[in-house]
Structure formats: structure tokens, C-alpha cells
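The values are calculated or read from the model by the stated rules, or taken from the named source; none is laboratory data. Since this is a predicted model, take the numbers as computed values, not measurements. All Cβ positions, glycine included, derive from the backbone under ideal geometry; neighbour counts span all protein chains shown.
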2 protein chains.
Amino acid sequence: MVTEKIIKVHAPATVANMVCGFDILGFAVKEPYDEMWIRLTEQPGITIINKDDYQLPAEPEKNVAGAALLAMLEELTQPVGFELTIRKHIKPGSGVGSSAASSAGAVVAANTLLNGVFSKEDLVRFAMNGEKLASGVKHADNIAPCIYGGVTLIRSIHPLDIVALTAPPLFVTIVHPQIEVRTADARSILKKQVYLKDAIKQWGNIAGLVSGLLQSDYALIGRSLEDVLIEPVRSILIPGFNTVKQKSREAGALGGGISGSGPSIFMLSKDEATAIAVEKVMQDEYQQLGLDHHTYVTTIHSSGVEIIKA
Amino acid sequence: MVTEKIIKVHAPATVANMVCGFDILGFAVKEPYDEMWIRLTEQPGITIINKDDYQLPAEPEKNVAGAALLAMLEELTQPVGFELTIRKHIKPGSGVGSSAASSAGAVVAANTLLNGVFSKEDLVRFAMNGEKLASGVKHADNIAPCIYGGVTLIRSIHPLDIVALTAPPLFVTIVHPQIEVRTADARSILKKQVYLKDAIKQWGNIAGLVSGLLQSDYALIGRSLEDVLIEPVRSILIPGFNTVKQKSREAGALGGGISGSGPSIFMLSKDEATAIAVEKVMQDEYQQLGLDHHTYVTTIHSSGVEIIKA
């Protein structure tokens, strides 16, 4: 009798953009995460089993994890079959990389079954097909931190160039107000052209943020968490945004902004007590607005997708 | 008898922009540098003595060093008189921070006479008045590295926020083709608006460059030395630019581009032999074009203005 090998992974939520780093920065958080199991099947191809209530499609070509695995299969020389079971805890559409967790988790788990034939960069490439299915754009600012962990810079998409950035300990408070902001809509409201003087401010902040992270300079991180280009446009889609941001800073947060394309908002803090005080600010605001919401207090997580059981 | 105190300083040339870091990055080089001497006078006010052949104005309000010192005098509670002697070796208009060296050298020297009452940030603020006189804009991307040394990030001008970035050893080759590019002209040809997609590429490169410098990753520095916004517009003012850039890379340079607003071109290399090979490339190109030119092979210098004799 052959013992069937099952790989279980946790695929974390991720925060893309990181305020000033539109399309180039993202980080992984410790919680929430999706649970996924994968095993080889005799029949080639992909089988997907959804073990949650999100009613996501099970057809591989319509499922983001399926799209990522199909891209991987294309680069294998022999026919392979995978059965992937997904139990999502990251709510789709919340703006914390739910689709990226599915895509990235699937390819990391599959690659473990295949004894690691593919590099991390290959896995990012495969998983980006899931993002393409979800939002129409092959972006990597959730995928890369989900696979690499910690804070990642996507210097370039063509060619793919991912840089892991070390960061000091940072606590993350996230609020997900229960409204829908479609990534495609959040992209379409952006202006195609921006003023050079604003772009200069933005890249000053990006350089400051990268420097603050690498040099563990919390004050510099705080000063650099400013977005003069994207946030002023997108934040109008998120009720309560300005109040949450202002009061979170007053409560001691270093700064923060829209997570990905929203509607979730994240704030970074130096210590857990501040992160919890920020959570209270967020809860108060959305209770007052009468909007359902979830909050998380977590940390930037140095691991990406974790192999739980092999 | 009172021994009169004379401070002598060396104020180094600087390279602003650093390819992708338009208006926010700059670095100091070991050579060339201006020599300056300053002493207190009984009569309040500024006296300037030019000891070179550049025929720069001696009236303080028309001289960049004078403008910087006048800004400093305004913040002193008591009337003070300075006599400043300047022997410039950095040719005005060459694009390697000649005006910044005069302004920064003057205020650092004066502050030493005053026993360091002003902070480095104050000195940058004063010296920016020299830049305003020279180019109409209070930029700090030559001033800041001239005062702080090494590579500096100007995250923000209002409020002033300067970050010193550590960098691995880097050799610098500079060529100054003897043509005139006025800073004001080089600014006026820039478009006021840029495509967001190009700005994203630019800030990906800026983040990569800062990360490469702080993490001593030469390959990442090289990949990040790319400017999709400013160089394509400004390089048309510099004959031979594209050939010098391409052949310098072929000779082993990590990369480089326009120094400040030109016409000088700089290239970074990991070792001196490569920097010398790059110098040969530059000389060959400008000999072929029949353009007078100077070249320097130097290093990024961790000191800014140096006190030689106090």
C-alpha cells in the first residue's frame, strides 16, 4: 500500500501598495490565512473542492487557484493531476489579498508535492494568472509578499524582479467595512496621467519608506506613509476613511491607508497596545456609521505561505 | 595680539538625481572640490573674494555663496561680518553641483567659525538660497549630499526631511562635455504631467536603488539605474549621451546617466579598473565627436564639506 501524500498550507492575507508604494510594495500578515490541502491524483488535470461558504467556482479555469495551477501544469514536461481543497478564511473582495492567497497557496503547496522543482519567482509568475482572472491585471503586489513573506518590493513586472525587504517588528490593525469595492472599479477611477511634482513627492516617500524599513527607523516610516496620488481618489469609495486615518494617528499609529484597492483600511503601529487602541478607533467609527465590519490586530509576518503538514 | 582665526574647507562636487531619483537623490564625490577660506571681520556683512578665473560676481547678493551666507546672517541675533575667499575648481554650469559647493562650503565654514550654532538641516536651508539664485529653484539634491556626504535622500523639501543612506564602495566616472545646458532650460523642457504607468516604473526603480544601496546589492543597484521619465527628454540636449551610456555598460559600469541637469554624464562602477575603462569610453566618444571635455575618476565620498584647517 502506498501512503498518499497530502500537503497542507496556510496562505496569509497580504496588504498591497503600503500607502505610497502603489503597485510595487506589499506585505504579508500573520492572520487571517486560508487553509489548503493538495494531493496528487492519477487522472491528470485539476480538481478543486471548496470547503467554505463563499460559493467560489470549482471549475479550475474559473477559480483563481485553478488558473495558477493550470499555468504551472503548462511548464511541467509530464502530465500531472492535483486535487486541491480550499477552506477560505480571507473574505473575497475585502482588499487583503484573498485571491492572491488562493493562487499563491495553491502553487506553493503543489510545488512542495513536486519536491520544489520551481523557484519562488516561477511560483509568483504562475500565481499572477490567478490575479489576472480576479482583476484583469497580472499584478504581483499581493502574490509576491504571500510567497516571500515579510515586506516585498516588486521593482519590475517585465522582467519580474522581486526584492525582499527586511523590516523591524510592526503591528498591523485592519478593518474591513462590509461594502464592496471591485478592484477593476478602483483601478478605473485612477487618472492615467499625474503631475510630475506629485510623482516626485510620491517617490520621495517611497524612498523614505524603504529606507525606514531597512534602517528600522520608525519615525521615518511614519513620515513616509503618505500617498498624494492614489489615496485622494480611491478613499472617496470608502466611508469613514479620513476619520479612521486621522483618529488612528492620534491614537499613536505610525500611519496607514487603503489596503490594496480597498475597502479594508490598515494601520501600522510600533507596539501591540497601540494597535489595539487603533482597533477601537476603527470599531467606534464603523459602529457610528452603522456599517458591519471586521477587525484584525496582527503583525507583519516574515513567512509567506507556510507548509503545515507534508 | 589676537590670532585671527581662518577656517579652510573643501566643498565637493555632487551628482544630483542619480538617474531614477529626480529631485530626491544625490551623492558627494571625492574630487573635484572647491577651496574656500573664511574669517570674521569687524565690519558686519559679507565680503567675497574670488580667487579663480570664472569671473563670478563678488557682490554677496549676486553670488550663490553670498546668498547662502546672507540667509544665515538673518537668523543670527547679533551682527556678524564674514570675509569669504573662494577658489573654484568645479566649473560652473558643468552639472556637478558647482553652485551647491559654493553655497554649502560657505555656510559650513561660517558655522565652524560660529562654533557650530546651526544644525546640518539649518545649513541646508541657508545654502538652498544659493540654489534659488543659481537656477530659480530651491532644490536640495546637490546641497544635501554636499553637506551630509555620501548618498542622501531628500524625502521632502516642505518640510525639509533629509535621510543619509549608507552605500557600499562605488567608483564614479564623470565626463563633462564642454557644452552649455542651463539648469532652467533643462527644467523647462520637462513635461508637467507624466503617465502613471511610467511613474510606477520610476518609483519601482527608486525603491530598488535605495534597497540596493542599503543592502550593498550591486546587481540590484545596476538594474535600478533606469530613468524612464527625465532622461529620455533631457538626454537629447547632450550629444553622445546614448553611445556613452551603452558603451559604459558594455565596459562593465553598473549604470549611470545625466549628472543633475547635465551636461555632465556619470557612471558608477564596482571597482577602479572598470571606472578607468569607462573613462576611456567617454574620452573616445567625445574625441570622435570633436567636443572638448574633462573626465574624472573618483569615488562616492562619505564626507561632505571637509574642514581642512581651523
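One table, with the values for the structure above:
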| read-out | value |
| --- | --- |
| So B:Leu84, is it in a strand (DSSP E or B), away from chain A (no Cβ under 14 Å) and either among the β-branched types (Val, Ile, Thr) or more than 21 Å from B:Leu133 (Cβ to Cβ) (or both) | no |
| Residue in the range B:118-126 that is assigned by TED's automatic domain parsing to the domain that holds B:Gly95 and more than 25 Å from B:Glu306 (Cα to Cα) present | no |
| Any hit, the range B:26-42, residues being out of contact with any Lys or Arg (no Cβ under 9 Å at 6 or more places or on another chain), surrounded by 24 or more Cβ atoms within 10 Å (Cβ to Cβ), without any contact (Cβ under 8 Å) to a residue 60 or more places away in the chain and more than 14 Å from chain A (Cβ to nearest Cβ) | no |
| Scope the range B:12-57; condition farther than 29 Å from B:Thr299 by Cα, touching a helix residue (DSSP H, G or I) at 6+ places or on another chain (Cβ under 8 Å) and of a type in the set (A, V, I, L, M); matching residues | B:Leu40, B:Ile46, B:Ile48 |
| Verdict on A:Ser99 being surrounded by 15 or more Cβ atoms within 10 Å (Cβ to Cβ), assigned to a loop (DSSP other than H, G, I, E, B) and not assigned by TED's automatic domain parsing to the domain that holds A:Pro177 | no |
| Residue ranges of helices (runs of 4 or more DSSP H) in the range B:199-255 with at least 1 members within 14 Å of another protein chain (Cβ to nearest Cβ) | B:218-224, B:231-234 |
| Residue within the range A:119-141 that is within 14 Å of chain B (Cβ to nearest Cβ), touching a strand residue (DSSP E or B) at 6+ places or on another chain (Cβ under 6 Å), at pLDDT 95 or above and assigned to a helix (DSSP H, G or I) present | no |
| Failed condition for B:Thr77, given (1) of a type in the set (Ser, Thr, Tyr); (2) over 20 Å from B:Thr183 (Cα atoms); (3) in contact with a strand residue (DSSP E or B) (Cβ under 9 Å, 6 or more places away or on another chain) | (3) |
| Index of the failed condition, B:Gly260 passing every other in (1) assigned to a loop (DSSP other than H, G, I, E, B); (2) within 14 Å of another protein chain (Cβ to nearest Cβ); (3) buried (at least 20 other Cβ atoms within 10 Å of the Cβ) | (2) |
| Only one of A:Glu180, A:Glu279 that is in contact (Cβ under 8 Å) with a residue 12 or more places away in the chain, assigned to a helix (DSSP H, G or I) and more than 14 Å from chain B (Cβ to nearest Cβ) | A:Glu279 |
| Residue match in the range B:45-62 (condition: surrounded by 24 or more Cβ atoms within 10 Å (Cβ to Cβ) and either free of Cβ contacts under 8 Å to residues at least 24 places away in the same chain or under 20 Å from the mean Cα position of the chain (by Cα) (or both)) | no |
| All positions within the range A:42-58 that are among the polar types (S, T, N, Q) and modelled with pLDDT under 95 | A:Gln43, A:Gln55 |
| The listed residue being of a type in the set (A, V, I, L, M), surrounded by fewer than 19 Cβ atoms within 10 Å (Cβ to Cβ) and not assigned by TED's automatic domain parsing to the domain that holds B:Ile38, out of B:Leu214, B:Leu289, B:Leu268, B:Leu254 | B:Leu289 |
| Residues located in the range B:214-227, provided they are of a type in the set (A, V, I, L, M, F, W, C) and in contact (Cβ under 8 Å) with a residue 40 or more places away in the chain | B:Leu214, B:Ile221, B:Leu225 |
| Residue identified as farther than 21 Å from A:Gly21 by Cβ and among the acidic types (Asp, Glu) among A:Asp227, A:Asp271, A:Asp217 | A:Asp271 |
| Members of the range A:49-81 found to be part of a loop (DSSP other than H, G, I, E, B) and under 17 Å from A:Ala134 (Cα atoms), listed by number | A:Tyr54, A:Gln55, A:Leu56, A:Pro57, A:Ala58, A:Glu59, A:Asn63 |
| Test result for B:Gly116, out of contact with any Gly (no Cβ under 7 Å at 6 or more places or on another chain) and without any contact (Cβ under 8 Å) to a residue 12 or more places away in the chain | yes |
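Rundown of residues vs (1) surrounded by fewer than 20 Cβ atoms within 10 Å (Cβ to Cβ); (2) farther than 27 Å from B:Leu209 by Cα, yes/no style:
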{"position": "B:Leu113", "(1), (2)": "yes, yes"}
{"position": "B:Glu121", "(1), (2)": "yes, no"}
{"position": "B:Met128", "(1), (2)": "no, no"}
{"position": "B:Gly136", "(1), (2)": "yes, yes"}
{"position": "B:Pro145", "(1), (2)": "no, no"}
{"position": "B:Val151", "(1), (2)": "no, no"}
{"position": "B:Ile162", "(1), (2)": "yes, no"}
